[in-house]
Amino acid sequence: MIYKGAIFDMDGTLINTLEDLADSVNEMLAHYNLPPRTLDEVRIFVGNGAKILMQRATESTDENFINDALKFYDGCYARHLLNKTKPYAGIVELLTALQNKNIPVAICTNKQHFAAVALAEKIFPAIKFSAVIGDAKKPNPARALEIMEKIGVKPAEVAYFGDTSVDMKTAVNAGFLPIGVTWGFRAESELIASGAKFIIHRAEEIFDLIEFGG
């Protein structure tokens, strides 16, 4: 099979955002006199969007409180999002190689849209993404399918890359090829259990396993 489009998750797949996310979460928690969270806790909390991150970090089910915490957290993350975040090894080269092959590349993430756009522009200035979509509400595939339609390919022609069960389920639900990466926030076993067809340990392995072409 020759794949004609590539869609990527962001956190844990393209970039390592964990420390900036944890710093923002802990600034929010301190504001409400709640105990801080460890990096390992935040690693497990992320993946389903910022609102659910607030619920998990605060252990609250109060909707008004969660919305207030989310608003405060968004301000924290806007200040922290470029402090420590970096692309994973080989990612810039991978995106550049796909772009040079004229393969449309896009980002579909559950993180806040403002943050996704800002990070894509600042960290990958030379990459012309076909789309950068945040607040995607994965594993609902709707936003990923919007990207597919925009780039003019069929579901079976899209390779979808992610590091969590949410990503693999999104790819399965959309009819894409689910590719799990192990350098991110979750274990390989979670990716396989959620439908990953390929597991990638290093970005440079991708072209050995997947054929891309126009």
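Worth a mention:
- Answer from Ala174, Ala144, Ala116, Ala159 - the residue that is touching a residue at least 60 places away in the same chain (Cβ under 8 Å) and in contact with a Leu (Cβ under 8 Å, 6 or more places away or on another chain): Ala159
- Some residue of segment 117-137 being within 14 Å of Gly12 (Cβ to Cβ), at pLDDT 95 or above and not in a helix (DSSP H, G or I): no
- Filter result for Val153 (hydrophobic (A, V, I, L, M, F, W, C) and closer than 26 Å to Leu21 by Cα): no
So that you can scan it fast, the table gives a plain yes or no per residue for (1) surrounded by fewer than 18 Cβ atoms within 10 Å (Cβ to Cβ); (2) hydrophobic (A, V, I, L, M, F, W, C); (3) at pLDDT below 95:
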| position | (1), (2), (3) |
| --- | --- |
| Met28 | no, yes, no |
| Pro36 | yes, no, no |
| Thr58 | no, no, no |
| Cys76 | no, yes, no |
| Arg79 | yes, no, no |
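The rows are residues; the columns are (1) over 14 Å from Lys4 (Cα atoms); (2) open to solvent by less than 20 Å² (accessible area, probe 1.4 Å); (3) outside any helix (DSSP H, G or I).
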site: Tyr160; (1), (2), (3): no, yes, yes
site: Asp167; (1), (2), (3): yes, yes, no
site: Thr170; (1), (2), (3): yes, yes, no
site: Glu204; (1), (2), (3): yes, no, no
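- Counted as qualifying within segment 29-85 are the helices (runs of 4 or more DSSP H) with 1 or more residues that are of a type in the set (Gly, Ala, Ser), namely 50-58, 63-80.
The values are calculated or read from the model by the stated rules, or taken from the named source; none is laboratory data. All of these numbers come straight from a predicted model, not from anything done at the bench. We place every Cβ from the backbone using ideal geometry, glycine too, and count neighbours over all the protein chains shown. Ligands, DNA and RNA are excluded from the accessible area calculation, which covers all protein heavy atoms including side chains. Shrake-Rupley method; radii C 1.70, N 1.55, O 1.52, S 1.80 Å.
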